[in-house]
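Before any comments, here is the structure.
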Amino acid sequence: MNPAEHAKEAILRALAGAAPDTLPWEAPPPEGLFLVVRDPEGKVRASIGTSRAEGDAGRLLARLARAAVADDPRFPPLTEAEVGSVRVWVLGAGRDIGGPDELRPGEAVRVREGRFSGVFLPDNDAGPAWDPLAYLKQACRRAGLEAHAFQRAGVEIRAYPTTLYEATRP
């Protein structure tokens, strides 16, 4: 099974009241890990993760799967009927970038200023054409900053290569 299939099973077990556990995913610790749950119609029902992953990948994935059930403050708690597809985005070693011209298609981007931080995943790109400026503006908005905040001195912009795993089976 791939990590997304493990995460989907963990979500369904958590919804059934099972105790949390570590998922059997042997992988080097990623730099970041995000889990996106969509309902059967394709609408996002939970999107939770970290761009500062630490420790065991299986333990982190299990924690995110449990958090996806009820800890995404933007959504009410999940129900079993709402669990459609599950995507797991693994962020590789990041690099600091100076602006949109250094961002590549398929990368995740994190913008950070002080206590404000936001990540924009390739999964969030809804447009038909790659637009690195729009992508970076969205990362700023995710951080709770104005769209052009990335232009200010002291704002950290970091790009990450990504690997996507998906679970769509029932």
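The values are calculated or read from the model by the stated rules, or taken from the named source; none is laboratory data. Keep in mind that this is a model prediction, so the values were computed, not measured. Here Cβ is always computed from backbone atoms with ideal geometry, including for glycine, and neighbour counts include all displayed protein chains.
A few points about this structure:
- Consider the range 72-101 and keep the residues that are touching a strand residue (DSSP E or B) at 6+ places or on another chain (Cβ under 7 Å) and acidic (Asp, Glu). The one that is farthest from Ala134 (Cα to Cα) is Glu82.
- Residue that is surrounded by the fewest Cβ atoms within 10 Å (Cβ to Cβ), among those in the range 129-149 that are within 11 Å of Glu113 (Cα to Cα) and under 20 Å from the mean Cα position of the chain (by Cα): Gly144
- Some residue of the range 111-131 being among the polar types (S, T, N, Q), within 27 Å of Pro28 (Cβ to Cβ) and not in a loop (DSSP other than H, G, I, E, B): yes
- The residue that is surrounded by the most Cβ atoms within 10 Å (Cβ to Cβ), among those in the range 95-112 that are out of contact with any Pro (no Cβ under 8 Å at 6 or more places or on another chain) and closer than 22 Å to Glu54 by Cβ, is Val109.
- Boolean, Ala149 is out of contact with any helix residue (DSSP H, G or I) (no Cβ under 6 Å at 6 or more places or on another chain) and not basic (Lys, Arg): no
- When the range 30-69 is filtered for residues that are among the basic types (Lys, Arg), touching a Leu at 6+ places or on another chain (Cβ under 9 Å) and surrounded by fewer than 18 Cβ atoms within 10 Å (Cβ to Cβ), only Arg59 remains.
- Residue tally, condition in contact (Cβ under 8 Å) with a residue 60 or more places away in the chain and either in contact with a Leu (Cβ under 8 Å, 6 or more places away or on another chain) or in a strand (DSSP E or B) (or both), over the range 80-102: 11
Conditions (1) closer than 30 Å to Asp96 by Cα; (2) in the same structural domain as Arg115 (by TED's automatic domain parsing); (3) in contact with a strand residue (DSSP E or B) (Cβ under 8 Å, 6 or more places away or on another chain); (4) not small (Gly, Ala, Ser), marked per residue:
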{"position": "Glu9", "(1), (2), (3), (4)": "no, no, no, yes"}
{"position": "Ala16", "(1), (2), (3), (4)": "no, no, no, no"}
{"position": "Pro24", "(1), (2), (3), (4)": "no, no, no, yes"}
{"position": "Ser47", "(1), (2), (3), (4)": "yes, no, yes, no"}
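- From the options Arg74, Arg87, residue that is surrounded by 13 or more Cβ atoms within 10 Å (Cβ to Cβ), closer than 30 Å to Arg13 by Cβ and within 15 Å of the chain's Cα centre (by Cα): Arg87
- Looking across Pro105, Pro77, Pro73, one residue alone is modelled with pLDDT under 90, not assigned by TED's automatic domain parsing to the domain that holds Gly154 and not in a strand (DSSP E or B). It is Pro73.
- Residue satisfying condition, being in a helix (DSSP H, G or I) and at pLDDT below 85, within set Arg52, Arg59, Arg66, Arg13: Arg59
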